[in-house]
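Undergrad: Have a look at this one.
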There are 2 protein chains.
Amino acid sequence: MNKTIYLKNRPSGTPSLNDFEFKEENKPSPDEGEVLLKSKYISVDPYLRGRMRSGESYIEPFKVNEPIESGIIAEVISSKNPNFKEGDFVNGMLQWKEFQVSQVAGLNKVDPNTAPLSAYLGILGLTGITAYVGLEKIGKLKEGETLLVSGAAGAVGSIVGQIGKIKGCRVVGIAGTDEKIQKLKNDFGFDEAINYKTTGNIGESIKKACPQGVDVYFDNVGGEILDAALENINKFGRVINCGAISLYNATETPMGPRLEGTLIKKSVLMQGFTVRDYIKEFGPAINQLAAWLQEDKITYSETIVEGFEQTPQAFLDLFKGKNSGKMIVKI
Amino acid sequence: MNKTIYLKNRPSGTPSLNDFEFKEENKPSPDEGEVLLKSKYISVDPYLRGRMRSGESYIEPFKVNEPIESGIIAEVISSKNPNFKEGDFVNGMLQWKEFQVSQVAGLNKVDPNTAPLSAYLGILGLTGITAYVGLEKIGKLKEGETLLVSGAAGAVGSIVGQIGKIKGCRVVGIAGTDEKIQKLKNDFGFDEAINYKTTGNIGESIKKACPQGVDVYFDNVGGEILDAALENINKFGRVINCGAISLYNATETPMGPRLEGTLIKKSVLMQGFTVRDYIKEFGPAINQLAAWLQEDKITYSETIVEGFEQTPQAFLDLFKGKNSGKMIVKI
């Protein structure tokens, strides 16, 4: 049999296990040109919450009563396609199923000898590319500048900060537990880290940690932390709006102080960033990240949850900040 | 004697005549290297409100009990500087005084035979340059796109719209009186114009006037009109945050819907724009604007108020939208 996970209904506010449905299906067989895949590692990511809405976004919404999909590393179990053979490992946007057939469009082979398979969902996948391309193309981070990162202990944030250090910047991270704060400073080399849950005044904490002000803010969370970052932004500052996890589960329009005054006063750039808009940059980004990884200039952390059945819970745990680094389900 | 206008106190909320003080001073005499200037045309601009605050901004605040300054066209009355002679006309950041002495730094000669003197405060001055450089450098407006402009009948807005038409775009303006709406369509060639004061729903009106969505939004007003523009922004849209006149007199932090979600979903760029950051572009911008003016491809409107004593009132009238095009005081 073949376990699968469907979107049962569109979540209202914070998603719950009731929004997902497990179904048992028959294991499919590949037709000519197709491959049969067995899922090995499933990536769960905050942006998937956006696809559970019906509204317009940068990526097509999931349909109710259809399988959810995300980045998955799978093994080729049987192949009717000359380009893939049994035992190959591939990375692709695949459905939350133990077994599935693919027509191979969008599948990329990955080499388990170069890096652990799960790394292809993280530092050598969209996560790493997001960090690298966002900083390069929007942040245009320069040596000696101050880089502030929110969601800093998350998959993207922890890589962003390390790239900042490689580039010779002061790097300050924001995260939500003392354990993460220690990790940022000890494992990832951040100069300073702020626990936004225990600090009395996030704006003041940023000011203290960034005595020269903030030149580049890589935002994974939006909301009040974005406001506080902008209070401390320098002239010609750049904000990479990569994520807004603090708002994803909002059921009413989130309100906040208007930002246009600050943008004008400080000649600040804010740009919404979706890595899929930069497909041409993927190759160079992966090459650079792989080089840094081999030179031990960069490291990564993963939170690996075991068992296909745990996939929905792992996704829900993202919104509680239970992951440190990339959240991955191992099957 | 020599009439002058000082900042009496920092306005709280909407400025009033009480915030200004007229003083009579002696007419000064130039020292070696200096010139004596007689003010001919004074530019009053919304951004001056920002300089009346004590807080940090992109330009130094005015001091209480010191003269206000803005762009002024003046005549050289007597000169002790070899580069300027009696009868020359100059453009510079000068004080609100009938007569003043200048050490000539920052003065540029202007030719009354090339264009009317007042044009050097408008289309051939910072106003025109703001429109041109903002569209070119941040908007990166392309043929066939839809350009939305707020404060469209104002000094900058009316030029922005005309440049949009020269570039082959659909141009939609937002203004606050039916007279201005007619002017936008009849005199400035806008494709469509919206009276934000009488339209029931500004978001719906923009949607109707921009059936292909908004590619570039040149924002002079901020606030709810910015929100409505972002409701209609296209993927890869660009917002030039040039002004926020709707917020300049706010006494409490203006609140609004958070915009980061839209920025991310649509890969939108918002950038605060201050023309003084682009001094290198001034020359090419003026050349292009002067060429268009001579080719009759572009026109401009002015609201000229007569009398030095009217300067504070002319400034206050900006916030009531009493001007159409550039607001100028003629002395």
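Undergrad: Going by a ≥ b ≥ c, the root eigenvalues of the Cα gyration tensor, does the stretch A:128-276 fall in the rounded group (a/c under 1.5), the prolate group (a/b larger than b/c) or the oblate group?
TA: Rounded shape, in that the Cα axes give a/c under 1.5.
Undergrad: Can I ask one more? Looking at the square roots a ≥ b ≥ c of the eigenvalues of the Cα gyration tensor of chain B, which shape do they give, rounded for a/c under 1.5, prolate if a/b is larger than b/c, or oblate?
TA: Prolate shape, in that a/c is at least 1.5 and a/b is the bigger ratio.
Undergrad: Got the A:Ile77 label distances to the other copies yet, label 7 Å along Cα→Cβ, in nm, shortest first?
TA: Those label-point separations list as 9.4 nm.
Undergrad: Counting other beta carbons within 10 Å of each Cβ, put A:Phe84, A:Phe273 in order, fewest first.
TA: Exposure proxy ranking, most exposed first: A:Phe84, A:Phe273.
Undergrad: Please give every one of the lysines within straight-line cross-link reach of A:Lys180, meaning a C-alpha to C-alpha distance under 16 Å, and leave out same-chain neighbours fewer than 8 residues apart.
TA: Within the straight-line cut-off, A:Lys180 pairs with A:Lys197, A:Lys320, A:Lys322, A:Lys326.
Undergrad: A further question on this structure: Of all DSSP beta bridges in the protein assembly as shown, what percent run antiparallel (nearest 5)?
TA: Roughly 55 percent of the DSSP beta bridges within the protein assembly as shown come out antiparallel.
Undergrad: Select from A:Gly283, A:Gly157, A:Gly144 the residue whose mean-square fluctuation is largest in a Gaussian network model of chain A (Cα-Cα springs shorter than 10 Å).
TA: A:Gly283
Undergrad: Still on this structure, please answer the following. Suppose every K and R has +1 on its Cβ and every D and E has -1 on its Cβ; what is the size of the dipole of the stretch A:195-302 about the Cα centre, in Debye to the nearest 20? Working shown, then result.
TA: Details: 11 positive and 13 negative charges, 69 e Å.
Its charge dipole is roughly 340 debye.
Undergrad: Using only Cα atoms, locate the centre of the stretch A:94-124 and the centre of the stretch A:257-293, then give the distance between them in Å, rounded to an integer.
TA: Here the two parts' Cα centres lie 25 Å apart.
Undergrad: Among B:Gly307, B:Gly92, B:Asn2, whose Cα projects farthest towards the positive end of the dipole of chain B, with charges put on the beta-carbon of Lys, Arg (+1) and Asp, Glu (-1)?
TA: Result: B:Gly92.
Undergrad: OK, next. Compare A:Lys183, A:Lys27, A:Lys320 in a GNM of chain A, Cα atoms joined below 10 Å, and give the one with the largest fluctuation.
TA: A:Lys320
Undergrad: Compute the Cα gyration tensor for the protein assembly as shown, then decide on rounded, prolate or oblate, letting a ≥ b ≥ c be the square roots of its eigenvalues: rounded whenever a/c is under 1.5, prolate when a/b is larger than b/c in the other cases, and oblate in all that remain.
TA: Note, shape of the protein assembly as shown comes out prolate.
Undergrad: Further question on the same structure: Which residue fluctuates the most in chain A, going by a Gaussian network model with Cα springs under 10 Å, if the choices are A:Ser54, A:Ser301, A:Ser39?
TA: Ranking A:Ser54, A:Ser301, A:Ser39 by mean-square fluctuation puts A:Ser54 first.
Undergrad: How large is the helix-only mean residue ellipticity at 222 nm for the protein assembly as shown, computed as the sum of -39500 (n - 2.57) over DSSP H runs with n ≥ 4, divided by its residue count, in deg cm²/dmol to the nearest 500?
TA: Numbers: 18 runs with 156 residues, N = 662.
Calculated from helices alone, the mean residue ellipticity at 222 nm is -6500 deg cm²/dmol.
Undergrad: How would you rank A:Thr114, A:Thr262, B:Thr251, going from fewest to most other Cβ atoms within 10 Å of each one's own Cβ?
TA: B:Thr251, A:Thr114, A:Thr262
Undergrad: So how strong a dipole does the stretch B:126-276 carry about its Cα centre when Lys and Arg Cβ are +1 and Asp and Glu Cβ are -1, to the nearest 20 debye?
TA: Charge dipole of the stretch B:126-276: 400 debye, to the nearest 20.
Undergrad: Let me ask something additional. Do you know the relative contact order of chain A, to the nearest whole percent, from alpha carbon pairs under 8 angstrom that are 6+ apart?
TA: 17 percent.
Undergrad: Determine the shielding of peptide A:269-281 by partner chains: average, over its residues, the number of Cβ atoms on other chains within 10 angstrom of each Cβ.
TA: Working: counts 7, 10, 8, 16, 4, 5, 0, 1, 3, 1, 0, 0, 0.
Mean inter-chain Cβ contacts per residue within 10 Å come to 4.
Undergrad: Can I ask one more? If the only charges are +1 at each Lys and Arg Cβ and -1 at each Asp and Glu Cβ, what is the size of the charge dipole of chain B around the Cα centre, to the nearest 20 debye?
TA: Dipole about the Cα centre, nearest 20: 620 debye.
Undergrad: Calculate the length of the line joining the C-alpha centroid of the stretch A:1-70 to that of the stretch A:139-209, in whole Å.
TA: Between the Cα centre of the stretch A:1-70 and that of the stretch A:139-209, the gap is 33 Å.
Undergrad: Report the one residue of B:Ala74, B:Asn26, B:Ile245 whose Cα lies farthest in the direction of the positive end of the charge dipole of chain B (charges on C-beta: Lys and Arg +1, Asp and Glu -1; origin at the Cα centre).
TA: Farthest along the dipole direction, towards plus: B:Ile245.
Undergrad: Defining the label point at 7 Å along Cα→Cβ, can you sort the distances from B:Lys142 to the same site in each other copy, shortest first, in nm?
TA: List, nearest first: 2.8 nm.
Undergrad: Scan chain B and report its longest stretch carrying no GluC sites (Glu not before Pro) that are both in a DSSP loop and have at most 12 other Cβ atoms within 10 Å.
TA: Details: sites that count: B:Glu32, B:Glu56, B:Glu86, B:Glu143, B:Glu252, B:Glu295.
Maximal segment without exposed cleavage sites: B:144-251.
Undergrad: Okay, next question. Among B:Ile129, B:Leu184, B:Ile202, whose Cα lies farthest out toward the positive end of the dipole of the stretch B:126-276, if unit charges sit on the beta carbon of Lys, Arg (+1) and Asp, Glu (-1)?
TA: About the Cα centre, the residue reaching furthest to the positive side is B:Ile129.
Undergrad: Ranked by Cβ crowding within 10 angstrom, fewest neighbours first, how are B:Ser16, B:Ser158, B:Ser267 ordered? Write out the running numbers ahead of the final one.
TA: Numbers: B:Ser16 11, B:Ser158 31, B:Ser267 20.
By the 10 Å Cβ count, ascending: B:Ser16, B:Ser267, B:Ser158.
Computed from the coordinates by the stated procedures, all read-outs in this text should not be read as laboratory data. Just so we're clear, the structure is a prediction, and the values are computed from it rather than from any experiment. With ideal geometry, Cβ positions are generated from the backbone for all residues, glycine too; neighbour counts draw on all protein chains shown.
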